[in-house]
1. Tell me yes or no: at least one residue of segment B:77-95 is more than 13 Å from every other protein chain (Cβ to nearest Cβ) and loosely packed, with under 15 Cβ neighbours inside 10 Å.
2. Give the residues of segment B:49-63 that are open to solvent by 50 Å² or more (accessible area, probe 1.4 Å) and either within 43 Å of the chain's Cα centre (by Cα) or facing another protein chain (nearest Cβ under 7 Å) (or both), sorted by residue number.
3. If you go through segment B:96-118, how many residues are in contact (Cβ under 8 Å) with a residue 12 or more places away in the chain, open to solvent by 20 Å² or more (accessible area, probe 1.4 Å) and not charged (D, E, K, R)?
4. In a loop (DSSP other than H, G, I, E, B), within 14 Å of chain B (Cβ to nearest Cβ) and either open to solvent by 10 Å² or more (accessible area, probe 1.4 Å) or touching a residue at least 60 places away in the same chain (Cβ under 8 Å) (or both) - does that describe any residue in segment A:200-222?
5. In segment A:62-97, what residues are outside any loop (DSSP other than H, G, I, E, B), open to solvent by 50 Å² or more (accessible area, probe 1.4 Å) and touching a residue at least 12 places away in the same chain (Cβ under 8 Å)?
6. Can we say A:PHE181 is open to solvent by 20 Å² or more (accessible area, probe 1.4 Å) and farther than 23 Å from B:ALA43 by Cα?
7. Just the residues that are touching a residue at least 60 places away in the same chain (Cβ under 8 Å) and open to solvent by 50 Å² or more (accessible area, probe 1.4 Å), please, taken from segment B:457-488.
8. Scan segment B:439-451 residue by residue and report those that are modelled with pLDDT under 85 and under 16 Å from B:ARG489 (Cα atoms).
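The values are calculated or read from the model by the stated rules, or taken from the named source; none is laboratory data. The shown structure was predicted, so the numbers you read here are calculated from the model rather than taken from an experiment. Glycine also receives a Cβ, built like all others from the backbone with ideal geometry; neighbour counts cover every protein chain displayed. Ligands, DNA and RNA are stripped out before the accessible areas are found, and what is left, the full protein with its side chains, is counted by its heavy atoms. Shrake-Rupley method; radii C 1.70, N 1.55, O 1.52, S 1.80 Å.
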Amino acid sequence: MASYPTPDIVTALAPDAASLKAGRGLASPGKWLVAAGNAEVLWGLMQGSGKDPYQVQALADGSATKCSCPSRKFPCKHALGLLFIAAEQPGKLASPPVPGWVLEWLAGRAEKAGRAEAKAAAAAAAPGEGGEPAKGPADEKAQAKRREKRSGRVAEGMGFLRQWLADLVRQGLADAPIRDFGYWETAARRMIDAQAPGLARVLRQCGQDAARGVSGQASLLDRLGRLHLLLAAADQPFPDDPSLRAEVDQWLGYTVPQETVLAGAEVTDRWFVAGRTVEEEDRIITVLTWFRGARSGRWACWIQSAPAQQPVFTPMPLGRWLEGSLCFYPGVQPVRAVWKNPPMVVDGGGEILTESVEAMLARYAALQAENPWRVQMPFCISAVAAESAGQACLVEAEGAALPLAASPALTHSMMAVDGGCPAAVCGLWDGGRVLPLAMADHGAWMSLTGKAAP
Amino acid sequence: MSSDPLTTLLLLGTARLQAPPAAPAPCLSEAWKLLDWTQPESAVLSGCALRAAAAGAGFLAIQGVPLPAACPPESLPAAPPAASGMLRRILDGEFPECLPEWLSACAAARRTAAARDLPALLGIAGQQAALRPRIHAILGERGRWLARRMDLSRLFPEPEPPGDEAWETGGLTQRVEWLRHHREADPARAAEALAAVWAQESGDTRAAFLTVIGASPTALEIPLLETATRDRKREVRQLARAALMARPSCAWTARAVARARPLLRVEGMLLTKRLVLQLPEAFDPAWKNDGLEEKVPPGAKGMGPRAWWASQLLACVPLSAWEGALEMEFPQLLRLNKDKESASFILSGWVESATTAPEPATAELLAHHLAGLAKWPLPMPVLTVLQRLVEVLPDEKAARVVEAAEEGILTKAAPAQLFSTTAFPLPAEAAPRWFQALLPHLQHQPYPSLQIPAVRQLALRFPVGFLSEALTHLSQQPALTPTAEAFARGLEFRQNLHTHFSDS
């Protein structure tokens, strides 16, 4: 029997509620001229308003879809309808020979994957300066000139920011109009102009802390301290520590080309999909998917971004195991990574490794010593959700507890699932509380971050 | 404002710095000494960075939090994942009207709700009292354990009898439960307790207590009920009257029969034999003691005072009592009710009697009689009257009345509307016929005669065994209107719901 996605996974693929509703409306085999599938691919014909029916196709695991309808949503309602049929009524799928237009699509995908692999291999074989792909002499000169120009702008921006921070501290936060969003936004835009978007992001986060008043005060002061540390580190070349240099550059806002990352060291493992968070900022939706390697024990985070009108397609099902290679970004104890090739979903990966609270806190302390700017660290422990003096917490069997950032409704959901017995919980630790991601639920995994996709 | 010196310095500003603040924690003492306070702004920010790193790296796990007691082992398996998925769609608002059916199907399959769905179901139990028994049936050990932890056990009263404090100081739900329990266990005590508080209770509370008495009052409750027929709240008067009419042997009912007996007589011979109503000449003030009203209400169309009094007098008599009084069976009385002057008044009174204190046999006879008429004789709309009669009948009998109405009095477009205004589930043998009767209304262009919300309720009433056949018929339609589409989706959802439970 083919391994089709579950209805929950198909629901998570829907770009918005309207598409989900429309897809559900097409989840009846009777509405399709053809609804068929095998272990590898699903396909169907749906009569639209035009003369010719729409050709709809999807990989059997739901990781890719294509439809000839004019919809700009991805996946469209037709693809969702076909996937829902596979998820809920697989026995009703026909199994005729695969038609030519489907075979053509599969062949095109295979060819594209081959080209991407060849490109990455070529970059690895002949890297250019700074790990970038090799280019001609004219390109290199222009590139060097652009880098120099940018470095100058960033340096100028950092100089402004140092002075701005010093003025703020001299004047005192109580006197400054820090609750005014424009106060921080003006400085953030200056950083954007200086081509240091990382610094702009930190300033905007400071603004959000400041807007919360007394409750955000501690976070604001910590963030200002780390910003000061970043500006100090930015001036250091760190010739003996390229990882630290790369880490600082990324926090400033320098991006690393994906080709460079793919050409770097890779970790091949069986990866557990441990959690997923969705953020929206400035009409850009960013999905962070967290993985834990079964053999390496490493944590990884894959980041996908897309405009809000064209939502991200996230095929990684929570609680499943994927076989594949992840290439990590340069840095200090990096977690951000990209897939070298699309991973394969595998069955029977076993259970995710957990660690004790003590070990997790020790690991966090070690991380802070090496990388004080990485505030959130992924982890997985075996614990019970509980409430103590009005505060939600995760309690280990041995008695150690961690504060849990969860609403009463979420805490009750976790209590219901663990039933008072320790269960595997994946989350992010930020030095003071747990931000829950997902937990084991009787053989499946339950997301603790609300809707896992927009 | 925090009393921490570093924070205070940041808030006030280094321009007011008098002396460098001390290290915020002993572990930072050595690093603190390296801060250059000749550049106080940089030193303060560096201090913040050190404090942030120390706080994060030095966090100590909380100790001494007691582990909660684990929930007892489950004796029943959880609902299958596909069925649980459907519950989540219901809870997300996709087919909320299917929740009762999902709960019943889960209980019938001897399953419990999945753990992750329990908090939402407990929340619904808190808001919808009517669903609590069905939710309680599928909670399982984990659900009951969670209810205790969420302090929601009060929603599901334990089988032990409620203590007297429930009656004396409890909320209405608890007091009703106390009354229900004690009416069975100690009727005298229940009647005494009720009589003691009756006068002080609100109208809604009095109505709730009479609902408990229902159609089975004890002899001890008769005096209270007679008092309640003169209550200032109409609902209480109606409930009291219904309870008394359910005891033909009680004095109140006997008075009602004696009052009404002279009103009806059979006159004529052979073809002219008919039932005739003698309107009362005057309103006897004593009738007020039994809850009758002298003044004609605005809603009583076409009735003068005497007809109004007669209608009330007839309404207080159980229909079966006329068989003894006039020495004729009720169907014969219905046939003889053909006097042009009085037939409609008699029918009004009988309809009121049948719907106030239903007697299944006579109510059904009356409903069939009305449904089969060629011309409607009553001022009240036909759908209103038939709906009231159908509601008091068992499901199968209700379906037969509606079918009879379609062939009789409702010859035009009304059967579907009558069906949609009632709530009884369709018996299996009636389903195919009713589906065919509904289909033209669902597909009517340009505007279907039924609206989508009503259609979604209709989809709930077809028996599970008929769903597949109905969906096959619908799939064979060349096109479906949005109304028919909504109907089909409702049927399909129900079919999948039951399939997921039966496949497990």
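1. Taking every residue of segment B:77-95 in turn, none turns out to be more than 13 Å from every other protein chain (Cβ to nearest Cβ) and loosely packed, with under 15 Cβ neighbours inside 10 Å.
2. The answer is B:ALA55, B:ILE62, B:GLN63.
3. 5
4. no
5. Correct list: A:LYS66, A:LYS77, A:LYS92.
6. yes
7. B:GLN457
8. Result: B:LEU450, B:GLN451.
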